[in-house]
Amino acid sequence: MPAAFPEISQIKFEGPQSKNPLSFRHYNANELVEGQSMRDHFRFSVAYWHTFRGVGSDPFGPGTMLRPWEAAVDTVENASNRVRVAFEFMEKLGTGFYCFHDRDVAPEGASLAESNRNLDAIVRVLKEEQQRTGIRLLWGTANLFSNPRYMHGAATSCNADAFAYAAAQVKKAIEVTHELGGENYVFWGGREGYQNLWNTNLKRELDHLARFLHLAVEHSKAIGFKGQFLLEPKPKEPTKHQYDFDAAACINFLRAYDLADHFKLNLETNHATLAGHTMHHELEYAGIQGFLGSIDANTGDLLLGWDTDQFPTDIYLTTQCMLSILKFGGLKPGGVNFDAKVRRESFEPVDLFHAHIGGMDAFARGLKIAAAMRADGALEKIVRERYASWDSGVGAEIESGQANFTSLEKYMLGKGEITPNRSGRQELIENLINTYL
């Protein structure tokens, strides 16, 4: 088939002084940072759903996007052509991975059997393109939220048939991910939650969700899939309250239901802010608990209270992300997936390149700044000094388990009052961070 982006050549690194909007100014795939190439630090991935299937529709109007590869009615033939478009885009952009939902890549049929046949047909094309280009599948997942059968949820539905259908769909999606060499598999419970507690058996739904995930683990072992399972937190949208609210809620759920050995988290910036957190918080919390797996790279608009899925361009944000990711040893087998979409007004195909280039450059800058901060050690020194009282004396006794309430009472009765507190130096730290940018 003819090229979908004939006017676009390979996107190359041209350096910070470049005025070419179709070039990288900061992302140099082979540049080593802390002994590892940028390519390997990020493992950048393109989200199939937004990039190739998004048409720009919103609640107030139909789609605006010029997408020559789309058709009025989606067919297997059209879906096959779209795969080749997607790989042309990723080849020219220079990303090594992609992610998809089952219903993104292949049209849903009139029955489960037909849907599976459609998916099998597209998997053959995906395999061909993977072999041709060397681009790999970062993770696959199943869309358990769009079809009306999932109006009450999938694994948490009040309708046992919906649970069964979802199980069959996920079974197939895991098998397809395995066949394509996918390195992870994601569960995002878009409708696994409730709108109204009056009609909800909360415990039963949570028990069912855990049973569903255990069944997935059992099936992955049966077929030899060794990829990492990822749970993706999000507090709301489309449900009022989703059970995978944030990193802390997900980790508590996984531990409570004996799933902690099988799952890590796929964290998303816009989901973090919807939960009232920063991405920095979610990354730190998941990291200290040993559950940091992968990230969906995007951002929201702070003037809007919903999931806008914009491309990340804030260097403070990407620096915070990379500072945490470096601290906890990186993301592999996860990566940085651009779960982001161009704005409704950015409707031309070339805008897809501009968006991804900007996001990749922003993360490259964040990586280099984070590495410089770690090498300099000034921020680490401030934090270490702030907690110095825990390194010896009574602090060390408490942390080592040698102290108890009686011994601590005796200590304070003898001392009379605490050692004066030190300043938190927040403004000093904020000024320090700015010196790296």
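Structural remarks
- GNM top mover of Phe145, Phe405, Phe97 - the chain, alpha-carbon springs below 10 Å: Phe405
- Within a Gaussian network of the chain (alpha carbon springs, distance under 10 Å), most fluctuating of Asp246, Asp301, Asp309: Asp301
- Dipole-positive endmost among Ala166, Tyr150, Asn118 within segment 99-168 (Cβ charges, Cα centre): Asn118
- A simple rule links phi to the HN-Hα coupling: the Karplus curve 6.51 cos²θ - 1.76 cosθ + 1.60 with θ = phi - 60°, which for segment 210-222 gives 5, 4, 4, 5, 5, 5, 5, 4, 4, 5, 4, 5, 5 Hz, with x for Gly and Pro.
- The spacing between segment 29-65 and segment 154-214, judged by their C-alpha centroids, is 26 Å.
- In the full protein context, the chain carries 49 Å² of accessible surface per residue, based on a 1.4 Å probe and ignoring ligands, DNA and RNA.
- ³J(HN,Hα), Karplus 6.51/-1.76/1.60, whole Hz, each residue of segment 321-333, x for Gly, Pro: 4, 6, 4, 6, 4, 5, 4, 9, x, x, 9, 3, x
- The charge dipole of the chain, taken about its Cα centre with unit charges on the Cβ atoms of Lys, Arg (+1), Asp and Glu (-1) only, comes to about 380 debye.
- Of Gly334, Tyr316, Gly377, farthest towards positive along the dipole that unit charges on Lys, Arg, Asp, Glu beta carbons give segment 297-397: Gly377
- For segment 283-298, 3J(HN,Hα) computed residue by residue from phi via the Karplus equation (6.51, -1.76, 1.60; θ = phi - 60°) reads 5, 5, 5, 5, x, 5, 8, x, 10, 6, x, 7, 9, 9, 8, 7 Hz, glycine and proline entered as x.
- Dipole magnitude for segment 167-242: about 240 debye, using +1 per Lys or Arg Cβ and -1 per Asp or Glu Cβ, origin at the Cα centre.
- Rounded to the nearest 5, the antiparallel percentage of DSSP beta bridges internal to the chain is 20%.
- Candidate cross-link partners of Lys172 among the lysines, defined by an alpha-carbon separation under 20 Å and a same-chain spacing of 8 or more, comprise Lys127, Lys221, Lys226.
- Accessible area (Å², 1.4 Å probe, nearest 10) - Val73: 110 Å²
- Gaussian network model of the chain, springs between alpha carbon atoms under 10 Å - residue of Glu34, Glu192, Glu385 with greatest fluctuation: Glu385
- Straight-line cross-link partners of Lys19 among the aspartates and glutamates, defined as a Cα under 19 Å from its Cα and at least 8 positions apart when in the same chain: Glu7, Asp351, Asp361.
- About its Cα centre, segment 1-156 has a charge dipole of approximately 160 debye under the convention of +1 per Lys or Arg Cβ and -1 per Asp or Glu Cβ, with nothing else charged.
- Share of carbon and sulfur in the accessible heavy-atom surface of the chain [1.4 Å probe, %]: 53 percent
The values are calculated or read from the model by the stated rules, or taken from the named source; none is laboratory data. Note that the structure is predicted; figures quoted are calculated from it, not measured. We place every Cβ from the backbone using ideal geometry, glycine too, and count neighbours over all the protein chains shown. For the accessible areas, the whole protein counts, side chains as well, though only heavy atoms, and no ligand, DNA or RNA atoms are used. Shrake-Rupley method; radii C 1.70, N 1.55, O 1.52, S 1.80 Å.
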